[in-house]
Amino acid sequence: MPERTIEELIEVKRDGRRHTREEVVQLVTSYVAHAMPDYQMAAWMMAALLRGLDHDETVWLTDAMAHSGKVMDLSSIPGLKVDKHSTGGVGDKTTLVLAPMVAACGAPVAKMSGRGLGHTGGTLDKLESIPGFRTSLTSEEFVAQVRRIGVAVIAQSPDIDPADKQMYALRDVTGTVPSVPLIVGSIISKKVAGGAHGVVLDVKVGSGAFMKDVEHARVLAQELKRTGEALGLSVEVLLTDMDQPLGCAVGNALEVAEAIATLRDDGPEDLFQECLALGSRMLVLSGVARDLDDGRSRLVGAVESGAALEKFRRWVEAQGGDPRVADDPSLLPHAAFTREVLAHEAGWVSHYDAECVGRAAMAMGAGRAHLDDDVDPAAGLVLHAKVGDRVEAGASLATLHSSREELLDAGEERFRNALCMSEKAVGQRDLVIEQ
Ligand code: URA
């Protein structure tokens, strides 16, 4: 059959019909070759969001995206390469803790990460708040560093999965982010193109996540696993709570400081537990640990012995950063202005709108509305009370940080709107919702 025109391909999905593999490949290759303009891809993605793609269409889309550019060759690094990916949340600094922890246990970590967009933060912005840290290594430097010290985290290079780069930026401004097949295509194509054997996926659920309820998150988790496995990846998926920020710090340098505290066994308990849940699965997939219990005890051992913190120092140094931050976080950027948000009355913290907390940090300079905006590395906030904690009247609920004093008011207003207090005691939230 002759190729259809792009308009015909859009009409197929608009009318709820099923694509052939050739049609899906045609859409992706035309778009990457700039033979299909943004407005047509946006129309097709909206049709895909509204009408859905079945499992086969999702696999074809993912495969075409993964092969839209170079596929990373990690074969010269010994061992099974295992990656992790979070669907995005507020205060999610797990990669900063997990990468050195897992590498200290002997599993190679060769990871490409993204920047923050909207209310969620990005690992690259966090790493770049460490003075001197470089995230743009060449593929050769990247592979050589993982061979030498067992860990490297870099920005996705433009020639790896260019389809996702273009489609993600377009989804972000056309209301087409929360589509299961498009999220699956975006995440799994990056993992296939990144050369991983296996991946641990952290699907966030709740007010700060794309998936606001467990039912939708479960559908996403199942499709991520099925599609990843269809393309030859070993996949483990966890559903974790994003109805409050992970840990206490939200904002780039503040999150690096919290990650360092966690590597010193002095961080927030929920963050540490999440790192153990994800990291033990990474160690099992990589063949380093026999089972999850063995994985957890190896990770705890790496923290207690100082091996994980030492790996962090070597990693930061290898990428041009100042390794002394591991021992002296005051070397990280500091905001010129801080403010305590005081509780007007006593009670228990019953709920956070985590997205709104992320927006409070953004309003003070920690995030970006557009991909080419600058971020203030020192801006953000640190919570002093999590869901279930008792707070007395006049106690500090959070410390706000910004390099621009005039932004603190907007940060405080958003933070107060994000927080609900109760007169009755409230239980702590479970972190791992489903595994
Ligand atoms: N993370 C991604 O990489 N892509 C998505 O579509 C959503 C979360």
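Within the range 163-179, the set of residues being assigned to a helix (DSSP H, G or I), more than 10 Å from the ligand (Cβ to nearest atom) and more than 30 Å from SER76 (Cβ to Cβ) comprises ALA169, LEU170. Restricting attention to the range 155-174, the residues being surrounded by fewer than 22 Cβ atoms within 10 Å (Cβ to Cβ) and in contact with a Leu (Cβ under 8 Å, 6 or more places away or on another chain) number 3.
Among the residues here, ARG134 qualifies as more than 24 Å from VAL214 (Cα to Cα), in contact with a strand residue (DSSP E or B) (Cβ under 9 Å, 6 or more places away or on another chain) and away from the ligand (no atom under 16 Å from the Cβ). Residue count for the range 136-150 satisfying the condition of being over 16 Å from GLY79 (Cβ atoms) and outside any helix (DSSP H, G or I): 3. For VAL203, indicate whether it is modelled with pLDDT of 90 or more, touching a Ser or Thr at 6+ places or on another chain (Cβ under 7 Å) and farther than 19 Å from TRP60 by Cα. Spelling it out, VAL203 is indeed modelled with pLDDT of 90 or more, touching a Ser or Thr at 6+ places or on another chain (Cβ under 7 Å) and farther than 19 Å from TRP60 by Cα. Does ALA385 meet the test of being over 28 Å from ARG171 (Cα atoms), more than 27 Å from the chain's Cα centre (by Cα) and not charged (D, E, K, R)? When the stated conditions are applied, ALA385 does not pass them.
For the range 281-314, residues that are over 17 Å from ALA110 (Cα atoms) and either among the small types (Gly, Ala, Ser) or not in a helix (DSSP H, G or I) (or both) total 10.
The residue of the range 412-426 that is farthest from HIS344 (Cα to Cα), among those that are buried (at least 17 other Cβ atoms within 10 Å of the Cβ) and touching a residue at least 60 places away in the same chain (Cβ under 8 Å), is VAL426.
To keep it simple, each residue is scored yes or no on (1) among the acidic types (Asp, Glu); (2) in contact with a Ser or Thr (Cβ under 8 Å, 6 or more places away or on another chain); (3) without any contact (Cβ under 8 Å) to a residue 12 or more places away in the chain.
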residue: GLU355; (1), (2), (3): yes, yes, no
residue: GLY358; (1), (2), (3): no, yes, no
residue: ALA361; (1), (2), (3): no, no, no
residue: HIS384; (1), (2), (3): no, yes, no
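Every residue, every condition in (1) over 22 Å from the mean Cα position of the chain (by Cα); (2) among the basic types (Lys, Arg); (3) more than 22 Å from ALA169 (Cα to Cα); (4) away from the ligand (no atom under 16 Å from the Cβ), yes or no:
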residue: MET45; (1), (2), (3), (4): yes, no, no, no
residue: ALA66; (1), (2), (3), (4): no, no, no, no
residue: THR95; (1), (2), (3), (4): no, no, yes, no
residue: ASP125; (1), (2), (3), (4): no, no, no, no
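For the range 76-105: of the residues being of a type in the set (S, T, N, Q) and in contact (Cβ under 8 Å) with a residue 60 or more places away in the chain, which is surrounded by the fewest Cβ atoms within 10 Å (Cβ to Cβ)? Per the stated criteria, the residue is SER76.
Yes/no per residue for (1) part of a helix (DSSP H, G or I); (2) in the same structural domain as GLU355 (by TED's automatic domain parsing); (3) more than 22 Å from VAL28 (Cα to Cα); (4) within 11 Å of the ligand (Cβ to nearest atom):
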site	(1), (2), (3), (4)
SER186	yes, no, no, yes
VAL192	yes, no, no, no
VAL199	no, no, yes, no
GLN222	yes, no, yes, no
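Annotation note: of VAL214, VAL203, the sole residue that is buried (at least 24 other Cβ atoms within 10 Å of the Cβ), in contact (Cβ under 8 Å) with a residue 40 or more places away in the chain and β-branched (Val, Ile, Thr) is VAL203. Condition check for ILE160 on (1) touching a helix residue (DSSP H, G or I) at 6+ places or on another chain (Cβ under 9 Å); (2) within 11 Å of the ligand (Cβ to nearest atom); (3) in contact (Cβ under 8 Å) with a residue 24 or more places away in the chain: one failure, at (2). For the range 21-70, the set of residues classified as surrounded by fewer than 18 Cβ atoms within 10 Å (Cβ to Cβ), of a type in the set (D, E, K, R) and assigned to a helix (DSSP H, G or I) consists of ARG21, GLU22, ASP38, ARG51, ASP56, listed by residue number.
The values are calculated or read from the model by the stated rules, or taken from the named source; none is laboratory data. Small disclaimer: the values here were computed from a predicted structure and weren't measured. In this analysis, Cβ positions are derived from the backbone assuming ideal geometry, glycine residues included, and neighbour counts consider all displayed protein chains.
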